[in-house]
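What follows is one structure encoded as structure tokens, with my remarks underneath.
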Amino acid sequence: MKLVFEKRDPVPMSYRVVSPVLAVLLAFLLGTVFLTASGFSPMKVYAAMFSGAFGDWYGISETIVTAIPLMLCGLAVALSAKMLLWNVGAEGQFHMGAWGAAAVALSMPDAPAWQVLPLMVLAGVAAGAAWALLAAVPRAFVGVSETITTLMLNYVAIYWIEYLVHGPWRDPKSLNFPLSAPFSDAARLPMFGYTRIHWGLIFAIVAAIAIDLALGRTKWGYEVKIIGESPRAARYAGMSIERNIIITMAISGALAGLAGMAEVSAIAGRMTRQLSPGYGYSAIIVAWLGKLNPYGVLLVSILFGGLLVGGYSAQFLGVSAASVNMLQGLMLFCVLATEALGRYKVRLVPTGAKGASQGGHGEGEAEANG
Amino acid sequence: MSRSKKILLVVAVLLALVGAARLNSQSYAAEDKFLVGWIYIGHVGDAGWTYAHDLGRQYVEQQLPWVESIYVEAVPETSDAERMMTELARKGCKIIFATSFGYMDYVQNVARRFPNVLFEHCSGFKTADNAATYFGRIYEPRYLSGIVAGSMTKSNVIGYVAAFPIPEVVRGINAFTLGVRSVNPNAKVKVVWTNTWYDPATEKEAAKAALDAGADVIAQHQDTPAPMQAAAERGKLGVSYNSVMTQFAPDTIVTGPIWNWGPYYVERIKAAKEGTWKTGDYWGGMADGIVDLAPFGPMVPENVKKLVEAKKADIVAGKFHPFTGPINDNTGKLRVPEGTIMTDAELLSFDWFVEGVEGTLPN
Amino acid sequence: MGTADYAVEIRNVTKRFPGVIASNGVNFAVRRGEIHALLGENGAGKSTLMNMLTGLIRPDSGDILIDGKKVALRSPADAISLGIGMVHQHFRLVETFTVAENITLGMPTPRFRLDMDPIEQEVQEFSAKFGLEVNPKARIWQLSVGEQQRVEIIKMLYRGVNVLILDEPTAVLTPMEVKELFQVMRRMAASGKTLIFISHKLDEVMEISDRVTVLRAGKDVFTAETASTTKRELASKMVGRELKPPPPRPRGTFGAPVLELEGLQALGDRGEVALKGLSLSVLAGEIHGIAGVAGNGQRELAECITGLRKTLAGRVVINGKDYTNRHPRAIIEAGVSHIPEDRLGMGLAANLPLTENAIMKNYREDEMGPGAVIDRKRATQWTRDLVSRFQVKAPTLRTPVRLLSGGNSQKLLLARETTHDHNVVVAVHPTRGLDVGATEAVHQVLLAQRSAGIGILLISEDLEELLSLCDRISVIFEGRIVGSVERENVDIDEIGMMMAGIDPAGEGAGPVEAGV
């Protein structure tokens, strides 16, 4: 007997509904084993996590605050992935976007909000886009893998910020600590009510709608779709793949840059070393789980934000941060695994019987090409 | 994502909301307890910075039976920090200790929103009516540990594994170097930056780099014992930091500056309970016991111990300040004239190295 | 029971695939220790036959006998245990492994611990015995194509194979390597191994084989001692005499040339020179057929015209203007439609719905929406029109095209390519793999295009199709046009010989172009 994996094509609708439920159940099951073994009551821990993230308006608002950078970075990753471009550089583009915005804010400390904020958005978007283009141009014209270049550029961006806050941007009033001067109030993106939910949420929602419309309703979006499905067909249809790589990566970088702008302007209020606990990397998972759909990304960002926010709440029950991370990892793993396995049917078959059916498949092609 | 999946998720979220909202409504602390919160940058098991603070928290629980304490660990200096302090305040904490410099702006934000909760921010410089800062003059025991290192080095090269070029760290390096050179004017202190507070692998690599460059004593301004272990592997000596790290390298560690936050915490919590708490910027030294020197290792000769004990007595008595001129910087320029003592403001914004330090600072 | 003289005997074997009979009562027998050539055009049934011999597929009816005994082959492992192995055109080697590791890969023993020394020793012995020189410690990626082929051969010998099938082994080799391979083959035959040599290169068949069998349309049509036959005879057997000359039809009204190619040169995917100075022209209102055995530059020809492959030398002139190496989009806009060989891989985006596929060539134009916008309503309407006019059967317009039958996806492709503004159609194997009905539909469309004054370049391996549709047929061989005939004076024999690389003018002479 041996295990055989057969591709489901198409994945049945019923499975698509069942799979996330299955994933969550599986995650809870494994988590229960893990928590019980560590001496905690799983139900209490889950309840604490849920209530921390969604239990009251404060929790929900904070979940959204955490979700905002995930949304924008997730949209960035998803958009490029539509064209089979793996932008793992959202983290770096995020930092460069924050840098661009901070540069504007610091250089015009007396300007009114209506001047400084639009310029900050512009600078953040431009810096993020430029950072992505550093990877996009070699990819488009020489075929250098963007996965590697975008990843490497993350480090460059983060060290660039480190250099600035330790050096030229260091605020003498901060006793030589690695902080820039605080932004003027005018350079702070407004928040809503008593929450910390800020304009970044509007940016993300508008971006998602714009992306959805652009992909579905414009000639550019159509080209992105075809290139993503079949670069050969796209070339055959006369599309310029190079041009689209450049455009898509620039927009992708701009979105991540916008996330950085919003975070530094609304949340941090000055340039610091620690702006992101890895939003740009989490965004890759968010984009994937959101099925690269803009609205899916928004929704998954909120759930992901809830997972992050709720994780801290579990600590109040005495669960260590490391155990929480492990639990979060377990949940993501289950979701991703169920997602991937959903595309296959697993069967046990007696050894030897598989040759015939497989051969039949191969034969048609062999005959056609041979 | 398919439509039905979306609906499903939304329903699940709503159900969770309803259920969880009820769970959350109950108050956290028992009726008669005084709730105190801590927020940590690292893990309580890091054997370093966070561990030292958590020892302080445990000390409080021991000393003040009417206190109930809660903490959150591994909270980065991002948007998360503000939320976790808010959570602590919302859970009913009367006083909250924020134990990392990068929490500074967030402490101010939360303090504004919770005027009836008291905040204590470690190592920062922003205060408010309900937000004080606190720190310790760790440079005092660092100076003393420098005396031990300077007496015991044979190669006259001492490695110093340091996290970030910020005033706190620079001050420590300088105090240490002054201690070294007070007994051994030929010794040099080589600084290796790690750009991280907490990363055992990087810290170890940095220590090895210093050892490769000829160092036979390793000092550290890091939060794990990894540099000490690197020294132990090569059979060299080490000056630890944060807490008593002897167990990690018993034959290596000569001594090290340690934090003793407990008494300060007890005092402030008592004041908070009694209504006598006042804001301020506390910076206590060895005289207060908030900083101290770890016990000497067995390899430290008696005469060195005696010398250190004598200097310690002078410091505690206020007769000696490590940063007393003349002090040259490491380009040879006289920075502090003979007989002058550096002011606290100068110490708090240190951005140059004293003579004997080999290393660079960003400008 | 069979004749024990035969190492392999196939008796009256039939294999059907949906819509096609791949083997139709084939008889084929190979004597022990001989080199037996199997000749046939693409689609003649060679691969099906060999896949049955190696256990990849099972015949619907008929018998396979090995050493005179009836066998049931269920898997390649079964075939190997009976001593039958195959060296495929595309090697199945792990690039980062050594030669010796590749040779043991997939062997049942040893299971856990691998001691490479004795294996390397054995490989060395095989090398010496048959002249298969290769270093057992070398990694595959370090080897030339010829050496990799030797590894494949050793792999089979190491498994104790007595009957070795070589599937077009010379296609990937340099002339020097071909010589070496032939020496190895002779040595193996001399030591009692049986070899089946699949090829459509007549020169090689004449040179290396003892006997030869010709397959055509799923049947064995000819078997003889190689020495007693001629290239000419083999060529005519391959192409077949049953083909009737095309029925007369009124001569079309041809216009000016819409497509002119002058001395095209281009490389193939493996970096070999695939086009070696090819010239031809297509007139408005003409169907110009390109006949030839696959792999002689057909694909490269189509791709050079449509801008998908770089032209190294020569010119592509469309409607009188030079379009050499222009962007595919410029060529589309110049009026060239393209029905590519790889329908689902290039001509259509297989995972996308009909609508997305239907607008692939005209989405830029205002008819699909003003400016940067695509009007989904117009796109849907457009698709609906195409689907109904060309009778494409699809569940909905949102169905991914990969779920359509071959005929329906081809109809959609054809609909798209013949409906927008164009005056040239480049069609490559447009009916390959289609059933009779769909084939007929495709032919009707092409003829209608011709009547509308469109110039059509029809590249096909199906001579019957070419004969019935074309106004002119040119034969491509090794990257050149080697001859051209008008519909009125077609001589099927002559085309067959040109396809096989024989100059019809010179009796039995060598290939039209010797060497490279």
For B:Val217, the net charge from surrounding residues (Cβ-Cβ under 13 Å; K, R +1; D, E -1) works out to +4
Karplus ³J(HN,Hα) for the range C:366-383 (6.51 cos²θ - 1.76 cosθ + 1.60, θ = phi - 60°; Hz, whole; x = Gly/Pro) runs 5, 4, 9, x, x, x, 7, 8, 9, 8, 4, 5, 5, 5, 5, 4, 4, 5
Cα gyration tensor of the range C:91-186 diagonalised, 5x eigenvalues square-rooted, in angstrom largest first, produces semi-axes 22, 14, 12
Checking A:Arg196, A:Arg232, A:Arg170 against a Gaussian network model of chain A (alpha-carbon springs below 10 Å), the top fluctuating residue turns out to be A:Arg232
Footprinting proxy, C:His429, B:His53, C:His88: sorted fewest to most Cβ within 10 Å, the residues are C:His88, C:His429, B:His53
In degrees rounded to 10, the 0-90 angle between helix B:167-183 Cα long axis and the longest Cα principal axis of chain B is 30
Residues of the range C:147-166 with backbone N under 17 Å of the label point set 7 Å from the Cα of C:Phe97 along Cα→Cβ are C:148-160
For the protein assembly as shown, percent of DSSP beta bridges that are antiparallel (nearest 5) comes out at 45
When C:His36, C:His338 are arranged by how many other beta-carbons sit within 10 Å of their Cβ, fewest first, they go C:His36, C:His338
Over all Cα pairs of the range C:351-420, the Kirkwood radius sets Rh, and Rg/Rh then becomes 0.95
Counting only DSSP beta bridges with both partners in chain B, the antiparallel fraction in percent, to the nearest 5, comes to 15
A:Tyr159 and B:Ala317 label points (each 7 Å along its Cα→Cβ direction) are spaced in nm at 5.1
Fewest-first ordering of C:Val293, C:Val26, A:Val286 by Cβ atoms within 10 Å yields C:Val293, C:Val26, A:Val286
With Rh as the Kirkwood radius over Cα pairs, the protein assembly as shown has Rg/Rh of 1.08
Residue by residue through the range C:191-206, the couplings from Karplus 6.51 cos²θ - 1.76 cosθ + 1.60 with θ = phi - 60°, in Hz, x for Gly and Pro, are 8, x, 6, 9, 10, 10, 10, 9, 7, 10, 9, 5, 4, 5, 4, 4
For chain C the mean separation of alpha carbon contacts under 8 Å (6+ apart) over residue count, i.e. relative contact order in percent, is 15
Simple SL model, points at 7 angstrom along Cα→Cβ for A:Lys291 and B:Ala128; separation in nm is 4.5
Calc'd 3J(HN,Hα), the range C:132-137, phi into Karplus 6.51 cos²θ - 1.76 cosθ + 1.60 (θ = phi - 60°), Hz, glycine/Pro = x, comes to 8, 6, 6, 7, x, 8
Once normalised by the length of the range A:205-313, the mean sequence separation of its alpha carbon contacts under 8 Å that are 6 or more apart gives a contact order in percent of 22
The range A:185-249 and the range B:143-184 have their Cα centres apart by a whole-number Å value of 54
Under a Gaussian network model of chain B whose springs join Cα atoms within less than 10 Å, the largest fluctuation of B:Gly262, B:Gly235, B:Gly159 belongs to B:Gly235
Nearest 10, in degrees from 0 to 90: the angle of helix B:302-316 to the longest Cα principal axis of chain B is 60
For the range C:351-420 the mean separation of alpha carbon contacts under 8 Å (6+ apart) over residue count, i.e. relative contact order in percent, is 42
Over chain A, the sum of -39500 (n - 2.57) across DSSP H runs of at least four, divided by residue number and rounded to 500 deg cm²/dmol, gives at 222 nm -24000 deg cm²/dmol
Rounded to the nearest 10, the angle in degrees between the Cα long axis of helix C:436-451 and the longest principal axis of the Cα atoms of chain C comes to 40
From the Cα centre of the range B:109-124 to that of the range C:247-285, the distance in Å is 82
When all Cα-Cα pair distances of the range B:220-363 are considered, the percent exceeding 28 Å is 36
quick shape note, chain A: Cα extents on principal axes in Å, largest first -> 77, 61, 34
Other residues with Cβ under 12 Å from the Cβ of A:Tyr155 give, with Lys and Arg +1 and Asp and Glu -1, a net charge of -2
The range B:195-261 and the range C:317-358 have their Cα centres apart by a whole-number Å value of 67
Of all DSSP beta bridges having both residues in the range C:6-239, the percent classed as antiparallel (nearest 5) is 55
In the neighbourhood of C:Met188 defined by beta carbon distances under 12 Å, the net charge of the other residues (Lys, Arg +1; Asp, Glu -1) is +4
In this structure, the FRET efficiency calculated for C:Ala77 and C:Asn135 from their beta-carbon separation, with R0 = 30 Å, to the nearest 0.05, is 0.60
Among A:Trp114, A:Trp199, A:Trp169, the residue with the largest mean-square fluctuation in a Gaussian network model of chain A built from Cα contacts under 10 Å is A:Trp114
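Coordinate-derived values only; no laboratory data. Owing to the predicted nature of the structure, the values given are computational and were not obtained by experimental measurement. Reconstructed Cβ throughout: ideal geometry from the backbone, glycine too, with neighbour counts over all protein chains shown.
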